[in-house]
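Contents: one structure, followed by commentary.
The values are calculated or read from the model by the stated rules, or taken from the named source; none is laboratory data. Remember, it's a predicted structure, so these values are computed and weren't measured experimentally. Glycine gets a Cβ as well: all are built from the backbone with ideal geometry, and neighbour counts include every protein chain shown. The accessibility values were calculated without ligands, DNA or RNA, using every heavy atom of the protein model including side chains. Shrake-Rupley method; radii C 1.70, N 1.55, O 1.52, S 1.80 Å.
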Amino acid sequence: DACPGVLIHWPVPGPLFLETFPVGRASAGQGVLPFDINTHGNIPHTYSHNCVGTTETPMSPCNGCTEVVGFIEHLLLLAQDIKPHTKYRFLSHSDMVNIACQYSAENNQLKLKGLNNARRALHVLTQLDDYKSLIMVLSEHDIPCLQHILTVALKRGSSIQQIINTLEDSLAGAYHP
């Protein structure tokens, strides 16, 4: 009789078997799986690389394919409890999509934080320019009633720009305290 392989019972939540199975492990290199996956039909099944193709017992896998059961159970445990340090090639497609979404959300948060910081820096620079303008007005001109103008402006809660405008109006003779 022909070896039917081992049926894969894969209760990992997800839309399709191939989206939740760590298919990167089926490629060549370190961590490669000792079996091939056949996804034709309703239930996926595997054949060991050591499968002889025939079995003595009808409808049961050969000895080579029977050894695969332990690997599948181990993969199932890994897929259900993914460690944060797991290499990307050992993750499933669904896991990598979730990680990409997390990185995208983190990237958007960092962009927003950068834009907010830029806005704050621009505000501080504008205030600094206003203070420099005040110092320039005070140093270049002898403004009559300076102390009175500043006292009234501060009591009113005037901004630096309003104080500068008041001082310039006073210099032009348009403001008399």
Criterion violated by CYS65 - all others in (1) at pLDDT 90 or above; (2) under 18 Å from PHE90 (Cβ atoms); (3) not polar (S, T, N, Q) satisfied | (2)
Close pairs from the stretch 146-175: first under 18 Å from GLN127 (Cβ atoms), partner among the acidic types (Asp, Glu) and in a helix (DSSP H, G or I), Cβ under 8 Å, at least 6 apart | SER159/ASP130; ILE160/ASP130; GLN161/ASP130; ILE164/ASP130
With the checklist (1) at pLDDT below 95; (2) open to solvent by 100 Å² or more (accessible area, probe 1.4 Å) in hand, flag the one item ILE99 doesn't pass.
-> (2)
All positions within the stretch 1-45 that are open to solvent by 80 Å² or more (accessible area, probe 1.4 Å), at pLDDT below 85 and not in a loop (DSSP other than H, G, I, E, B) | LEU18
Subset of the stretch 46-86 that is in contact with a Pro (Cβ under 7 Å, 6 or more places away or on another chain) and of a type outside the set (A, V, I, L, M, F, W, C) - its residue that is surrounded by the fewest Cβ atoms within 10 Å (Cβ to Cβ) = HIS49
Kindly indicate the residue of the stretch 126-145 that is in contact (Cβ under 8 Å) with a residue 24 or more places away in the chain and assigned to a helix (DSSP H, G or I) and also surrounded by the fewest Cβ atoms within 10 Å (Cβ to Cβ) among those meeting that condition.
-> TYR131
